[in-house]
Amino acid sequence: MSFLNVYHDHDPEQPLLQTHDGERIASELAAHGIRFERWPTKADLAPDADPKVVLNAYDEEVERLKAEDGFATADVIGLTPDHPDKEALRAKFLDEHRHSEDEVRFFVRGEGVFYLHLESRVYAVGCCQDDLISVPAGTPHWFDMGPEPHFTAIRLFTNPEGWVADFTGESIASRFPRFEALPTGRGDAA
């Protein structure tokens, strides 16, 4: 289940806002230039579906985003709980960082949490199947896929070679609740 928890950046214990309402999530994020939308499920895709099959299923939506925002390419990434490097892959994006281009993810299946550090607030955005999030270039954020990652996502790029994390060196991410402590849709904490 999609969710948004908003915290003051100095108080990770008490959310200022909590919602599961998709329209409210989209509205709150749009005020900061962040796109959040829900796409209709196109097909019952297997967890190990070929990336070409996944991209073909969402071709209309992907092409729309390419036309609207100038993206050049799209690919598919996924991770399962049995991946031998899951801990290292999770740790890779748990610290606050920025990118020189937008970070765009559409969740075909599974879930993950984007944490956006916007002014004096942290927005924890729980994304799940059918959610699209587009984090603008330069936005400080981090991503948590959880200790047992389970997702397939379409990514869009203007330049995939240039998509590199620029870490801020701030320790803020370590102070906020991780994936497993948030309402990710698996019956976890509310």
If we keep only residues of the stretch 16-33 that are touching a residue at least 12 places away in the same chain (Cβ under 8 Å) and assigned to a loop (DSSP other than H, G, I, E, B), then the residue farthest from the chain's Cα centre (by Cα) is Leu16
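Criterion first (more than 30 Å from Gln14 (Cβ to Cβ), part of a strand (DSSP E or B) and out of contact with any Leu (no Cβ under 9 Å at 6 or more places or on another chain)) does Arg109 satisfy it?
no
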Residue pairs within 6 Å by beta carbon, gap of at least six or interchain, first lying in the stretch 97-118 and surrounded by 21 or more Cβ atoms within 10 Å (Cβ to Cβ) and modelled with pLDDT of 95 or more, second outside any strand (DSSP E or B) and among the small types (Gly, Ala, Ser), listed first then second, are His97/Ala165; Glu111/Gly185
Checked pairs for the stretch 42-57, first surrounded by 16 or more Cβ atoms within 10 Å (Cβ to Cβ), second among the hydroxyl-bearing types (Ser, Thr, Tyr), C-beta under 8 Å and 6 or more apart or across chains, list as Leu45/Thr152; Ala49/Thr152; Val54/Thr152
Within the stretch 61-86, the count of residues that are among the acidic types (Asp, Glu), over 16 Å from Asp102 (Cα atoms) and in contact (Cβ under 8 Å) with a residue 24 or more places away in the chain comes to 1
The condition of being surrounded by 17 or more Cβ atoms within 10 Å (Cβ to Cβ) and touching a Pro at 6+ places or on another chain (Cβ under 9 Å) holds, among Leu89, Leu79, Leu29, Leu65, only for Leu79
The residue from Phe71, Phe36 that alone is assigned to a loop (DSSP other than H, G, I, E, B) and either of a type outside the set (S, T, N, Q) or touching a Phe, Trp or Tyr at 6+ places or on another chain (Cβ under 6 Å) (or both) is Phe71
*Can we say Ala43 is assigned to a helix (DSSP H, G or I) and either of a type in the set (Gly, Ala, Ser) or over 27 Å from Leu79 (Cβ atoms) (or both)?*
no
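The values are calculated or read from the model by the stated rules, or taken from the named source; none is laboratory data. Worth saying up front: this structure is predicted, and the values here are computed from it rather than measured. Counting neighbours? That spans all protein chains shown, and the Cβs are built from the backbone with ideal geometry, glycine included.
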